[in-house]
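Input: a single structure, listed below in structure tokens.
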Amino acid sequence: MLPLKDNVPTARFPLVTVILIALNLAAFAWQLSLPSDRASSPELARAGVSERDQASIEYGAIPYRITHPGSECGVTSAEIVCGDEGAVEVGSRKKGSAIPEDVDAPPWWLTLITSMFLHGGLLHFGGNMLFLWIFGNTVEGAMGRMRFALFYLSAGLIALYAQAALAPDATGPIIGASGAVAGVLGGYALLHPRAKVLGLVLVPFFVTLVEIPALLLIALWFALQFVPAVGPLATPELAEGSIAYLAHVAGFVFGLAAIRLFARRRERPEAPIPVY
């Protein structure tokens with residue numbers, strides 16, 4: 001089934017939701033333009049890091065950098081290593097490893113934002129953007145544009161910090177809009193627990209439209225987030241920590257807890273979608 005829209009009417013065009021989807025699309029297109037089988041320098045080639053992996057490492061949120069502000073990271077063929085004085089000697093972290101190659105990453109605080117717009121694959125990207133479109137426009141309608149933008153970014157930040165708190169020394173980059181989208185879903189679940197979503201069912205020789213409870217679809221999104229193939233890096237050896245399970249939960253809980261602080265507009269009663 002392909003979900004299309006919910007049955008909660010909104011009065012304004014969801015400008016912020018559309019802008020967020022456009023920014024994610026632009027970032028994903030840039031990622032796809034980078035080769036997954038070639039490094040940007042001989043040094044990184046020796047470390048086995050492709051340009052696509054390098055982008056995820058540089059612009060993803062690395063928990064060690066979040067919990068140790070000012071630290072830098074490097075890459076070997078086996079792992080990403082970080083230290084307070086730059087790329088530290090790997091021998092102190094993993095016996096027998098080579099000297100790490102430096103990664104030219106932006107400041108750690110900037111990666112908190114850039115990481116929210118990178119994705120690990122088509123399913124990772126497509127699932128997040130589909131659910132952001134279906135539920136984001138309704139939550140934006142309940143908050144207004146500026147409040148929704150702040151709510152979305154706050155959910156993403158809370159999700160990242162929760163994951164970093166769970167594994168403060170982890171060096172696998174966290175990428176994806178999942179934490180922020182989870183916040184939107186949490187807010188929606190509390191605002192419209194009885195809402196339904198119109199979906200297109202495609203089976204051989206048969207096409208129809210059906211309505212399913214929005215809460216069931218939200219549960220399906222969570223199930224997809226736990227599929228290991230959803231969000232890995234191109235190089236599996238460097239992907240540890242790239243699927244931030246706690247971030248999804250933290251974002252959702254933030255959405256549940258904060259929605260009443262942000263949603264100040266009274267939505268019109270839910271209206272059923274006619275099925276033809």
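No value in this document is a laboratory result; all are computed from the given coordinates. Please read these numbers as outputs of a predicted model, since none were measured by experiment. Don't worry about glycine lacking a Cβ; one is built from the backbone with ideal geometry, like all the others, and counts go over all protein chains shown.
Within a 10 angstrom radius of the beta carbon, how do Val181, Val75, Val203, Val8 rank from fewest other beta carbons to most? All intermediate terms of the calculation are to be shown ahead of the outcome.
Values: Val181 31, Val75 27, Val203 8, Val8 24.
In increasing order of surrounding Cβ atoms, one gets Val203, Val8, Val75, Val181.
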Any idea what Rg and Dmax come out to for the range 110-149 if you just take the C-alpha atoms, in Å? 12.1, 31
Residue by residue through the range 32-40, the couplings from Karplus 6.51 cos²θ - 1.76 cosθ + 1.60 with θ = phi - 60°, in Hz, x for Gly and Pro, are 5, 6, 8, x, 9, 10, 9, 8, 7
Arrange the peptides 131-139, 209-217 so that the one whose residues have, on average, the most other Cβ atoms within 10 Å appears first. 131-139, 209-217
Roughly how far apart, in whole Å, are the Cα centres of the range 201-221 and the range 130-174? 25 Å
